[in-house]
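> I have a structure here, written as structure tokens, and I will follow up with some questions on it.
Values in this text are rule-based calculations from the coordinates and carry no lab data. Predicted model only: the values in this text are computed from it and were never measured. FYI the Cβ positions are ideal-geometry reconstructions off the backbone, even for glycines, and counts take in every protein chain you see.
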Amino acid sequence: MFPVLLASLDTSVLINICINGLVYGFLYALIALGYTMVYGIVELINFAHGDLFMLGTMLVWTFVGVVAVGVAPGSFLAILIILGMLIAVPIFCALLNAGVDVAIYRPLRTAPKLAPLVSAIGVSFVFMNIGQVWGGSQDVNIATLIPDNNLLGADSSINLSGTDVLIMAVTIPVMIMLTLFVKFTSLGRAMRATAQNPVAAQLMGIQVNRVISVTFLIGGSLAGVASVIYALKVHTVNFQMGFQNGLYAFTAVVLGGIGNIPGAVVGSLIVGMVYSLASGYADNLWATAMVFLIMIIILIFRPQGILGARVREKV
Amino acid sequence: MQIKRQTCAVILLSVLALAAPTTTARAEDPPAFPGDKSGTIKIVSSLPRTGSSKGQTDTIVNGIKLALDEAGYKVGDFKIEYEDLDDATATAGAWDAQQETQNANKARDDKDVMVYIGTYNSGASKISMPILNRANILMISPANTAPGLTKPMTGAPNEPECYRPSGKVNYFRVVPTDDIQGPVGAAWAKKLTGKLSKPRSVYVLHDGEVYGEGVAKAFKQECEALKLEVLGYEPIDVKAQEFKALMLKIKAKNPGLIYFGGTSQTKAGQVVKDMVAAGIDVPYMIPDGCFEQAYIDSAGADIANGRSYVTFGGMPISELGKTANGKSFIDAYQKKFGKLPEEAYSAYGYECGKVALEAIRRAGVKNREAMLWHCARIKDYDGVLGKWSFDKNGDTSLQVMSGNTVEGGKFKFAEKLELSDE
């Protein structure tokens, strides 16, 4: 028992587990942003978002399977392929997301709130079935494009891989860009206006449907970026993985305050960190429960989420 | 109270049933079973024909069909019919309790059904065994390895009596059980850690399912008996998508080998990927639930190669080909289906088919009880898997397993594994 306790106090293990939590936190944040932006604009919890992310990962799998056969991990060609995917996959996810909005959610815009919500659950199942036909019902492997070796040297007790660095190098700028976009561009202003009051925004001459489409495009493309990163990090795709990852992202959104962009990021980092610490120090089986326990505790004290503003219920 | 009395009766009956063969003389005459001596006898199989196990069950069904085909779908004056039932649903992607119940009920209600080949998953057998037991239907499994289904004191306290409400043994299997697989794996692990000069310790993970936990527990117990230090024993969350944090924790304990009791469907591939990602360079040992291409596909050949060590209840197809019976099976299979029987259980499916036919031949009458009586007395059967007998629990006497590794994205037979004498 004593050596076990000693090992669990090992600082290098703690650092490793924290790096791991941070990396997954950023990954969840990319998915969470799509949830929170769509909710902010149309007050729809887009349950299909996690499965959109899964389909993006399927595309990565197909892409890597076709293009990257025999490509050495870490080679120039591998980097080129990753860059190509970071453009192609977000475009695919963005168009799919916006397409679903136009075809399904838009006709239901004036319907009671539950109608688009249930439709979103329906879309989620449709996506899942597409994923099952696409990738089969088993876990499939995505070949390694970035070598897994430790950047700090093979002997270092702290483990930082090229993938971890890439994830942060991609995710952090994307988030900064998104924040700047929403804050300072005219389209961003239109989005915030639509979020506050769609009718008033329309009266001010904002084309609300266009703004909503842009929101779905951005949310989808972020999920696409997440897909590429997830594929590089976890190397596995299966048709059911959208549910779990989507659920974590959604939890992060609620935790951070739904509709709030920095809140989604903060929430995601907490979820990633709690999950990693719980499965590293407590029990892998209880890690998910731990995440939700923390969420419940935080929500008891801050029902609006960590960064969420207290808004009066619109009637 | 009612229930209690029933259980008492069941236990009493089963004790009597177990005691019966020992009290009767060795050269016993078969009781006279009434029944037709000609007509149609149906054999059904209940296997997960949709979802992730389809690859395996396709070859099992082919094996059964081959056995029946070789007999010309005839035993004496009986015409044999075969029906391939599915115990999986597309939505579950795996076996489903309701579906398995339906299959068992269907077999029970069809008076022509004498033999039920199945199931693939031990959990499914737990459901169909009592139903078929009450109906006296001979059940032969090609793939169930959970020991509790047949062996007392290896599973839950009321196992296996709870599956035998009639007190008779109606369930047989041609595959060795996990309680052998675990110890055999432990002996291998001890040898491996020594050979590869790794620490003499193991870390044991399992998926929390009947099969996975059963085999992991047996592995752990034998490791302790062999003085191989067990640094940890814990379940994983099979719904999780990655196990990196868990692996970082394990890395700090510096085990010489990691064992995972689970299947390719319960994340065996992801566990080894995250093991490598966390920088743990030790052998990864897994049971026969991972002895299928799906494991290599999910782990990726570059990860699986050289570090996967798979125990499997019997010889792989390549080794099987070295015996005369094995070779003729492989040749016949290839001739009939145009390809090699790649998946592990095809030979077991074939053996089940053969045993079913043998039981029908010995019985000679269309009587379910006669099938049971005669099947239980199959001794020194010269089958495709070797020479074996059924013991009083309905288990095969085969105790040999194979140790396999992965090379170049394919399984490769490494060595013959036997129970350690220590």
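> Let me know the charge dipole size of chain A about its Cα centre in debye, to the nearest 20, where only the beta-carbon of Lys, Arg (+1) and Asp, Glu (-1) is charged.
It comes to approximately 1300 debye.
> If each DSSP helix of 4+ residues adds -39,500 (n - 2.57) and the sum is divided by the residues in chain A, what number results at 222 nm, nearest 500 deg cm²/dmol?
-23500 deg cm²/dmol
> How large is ³J(HN,Hα), in whole Hz, for each residue of segment A:66-73 in order, when computed from phi with the Karplus curve 6.51 cos²θ - 1.76 cosθ + 1.60 and θ = phi - 60°, using x for Gly and Pro?
So the J values, rounded to whole Hz, are 8, 8, 9, 5, x, 6, 5, x.
> Given H placed on each backbone N at 1.01 Å, which residues far from B:GLU83 in sequence or on other chains put an amide H within less than 5 Å of it?
B:ILE43, B:VAL44, B:SER45
> Here is a follow-up. Only Lys, Arg, Asp and Glu count, each charged at its Cβ (+1, +1, -1, -1), so figure out the dipole size of chain B about its Cα centre, rounded to 20 debye.
380
> Summarise the partner chain shielding of B:268-275 as one whole number: the mean count of Cβ atoms from other chains within 10 Å of each residue's Cβ.
3
> Among A:ASN238, B:LEU372, A:GLY25, whose Cα lies farthest out toward the positive end of the dipole of the protein assembly as shown, if unit charges sit on the beta carbon of Lys, Arg (+1) and Asp, Glu (-1)?
A:GLY25
> Spelling out what I want: for every residue of segment A:220-228, take phi, set θ = phi - 60°, compute 6.51 cos²θ - 1.76 cosθ + 1.60 (Karplus), and round to whole Hz; glycine and proline get x.
x, 5, 5, 4, x, 4, 4, 4, 4
> Shifting gears a bit: Under the 0.36 nm per residue contour assumption, what length would be gained going from the current alpha-carbon distance of A:ILE300 and A:VAL102 to full extension?
Full-extension gain reported as 67.6 nm.
> Which of B:PRO152, A:PRO90, B:GLY123 sits farthest toward the positive end of the charge dipole of the protein assembly as shown, with +1 on the Cβ of Lys and Arg and -1 on the Cβ of Asp and Glu?
Going by the charge dipole, the pick is A:PRO90.
> If contacts are Cα pairs under 8 angstrom and at least 6 residues apart, what is the relative contact order of chain B in percent?
It comes to 19 percent, rounded to a whole number.
> Would you mind checking which residues have amide H under 5 Å from B:PHE390's amide H? H placed 1.01 Å from N; only 5 or more apart, or other chain.
Answer set, sorted by chain and number: B:ILE378, B:ASP380.
> With 20 Å bins from zero, work out the P(r) of chain B over every alpha carbon pair and list the percent per bin.
Answer for chain B: a P(r) of 27, 56, 16, 0 percent.
> Return the average number of partner chain Cβ atoms within 10 angstrom of each residue Cβ along peptide A:234-240.
Partner-chain Cβ atoms within 10 Å, mean over residues of A:234-240: 6.
> B:LYS412's amide H: which non-local residues (gap 5+, or another chain) put their own amide H closer than 5 Å, with H modeled 1.01 Å from N in plane and none for Pro or chain starts?
Under 5 Å from the amide H of B:LYS412: B:THR405, B:VAL406, B:GLU407.
> What pairs from B:LYS190/B:LYS273; B:LYS37/B:LYS327; B:LYS387/B:LYS412; B:LYS168/B:LYS416; B:LYS253/B:LYS273; B:LYS54/B:LYS410 go past 27 Å between their alpha carbons?
Violating the 27 Å limit, Cα to Cα: B:LYS37/B:LYS327; B:LYS168/B:LYS416.
> Hey, what does the equivalent ellipsoid look like for segment A:12-301, semi-axes from the Cα gyration tensor as sqrt of 5 times each eigenvalue, largest first, whole Å?
Each semi-axis is √(5λ); the values are 31, 22, 19 Å.
> Through the Karplus equation 6.51 cos²θ - 1.76 cosθ + 1.60, θ set to phi - 60°, convert the phi angles of segment B:240-247 into ³J(HN,Hα) values in whole Hz; use x for Gly and Pro.
5, 9, 8, 10, 4, 5, 4, 5
> Among B:SER397, B:PHE243, B:TYR233, whose Cα sits farthest toward the positive end of the charge dipole of the protein assembly as shown (+1 at Cβ of Lys/Arg, -1 at Cβ of Asp/Glu, about the Cα centre)?
Towards the positive end, the residue furthest out is B:PHE243.
> Scan segment B:352-422 for trypsin sites (Lys or Arg not before Pro) in coil per DSSP, keeping those whose Cβ has at most 14 other Cβ atoms within 10 Å, and list them by number.
B:ARG377, B:LYS379, B:LYS392
> Calculate for chain B the 222 nm mean residue ellipticity that helices alone would give, adding -39,500 (n - 2.57) per DSSP H run of length 4 or more and normalising by residue count, nearest 500 deg cm²/dmol.
Only helices count here, giving -13000 deg cm²/dmol.
> Could you give the distance between the Cα centres of segment B:81-156 and segment B:284-336, to the whole Å?
25
> Just check the protein assembly as shown against the gyration tensor rule for me: Cα atoms, a ≥ b ≥ c as the square roots of the eigenvalues, rounded for a/c under 1.5, and otherwise prolate or oblate depending on whether a/b exceeds b/c.
It comes out prolate by the Cα gyration axes.
> Still on this structure, I have one more. For the residue pair B:LEU226 and B:ARG362, what label-to-label distance in nm results when each label sits 7 Å from Cα along the Cα-to-beta-carbon direction?
Calculated label separation equals 3.4 nm.
> Can you compute the charge dipole magnitude of the protein assembly as shown about its Cα centre, using +1 on each Lys and Arg Cβ and -1 on each Asp and Glu Cβ, nothing else charged? Give it in debye, rounded to the nearest 20.
Approximately 1200 debye in magnitude.
> Hey, what D do you get for segment A:218-315 in µm²/s if you plug the Kirkwood alpha-carbon radius into Stokes-Einstein at 4 °C and 1.567 mPa s?
Calculated translational D: 89 µm²/s.
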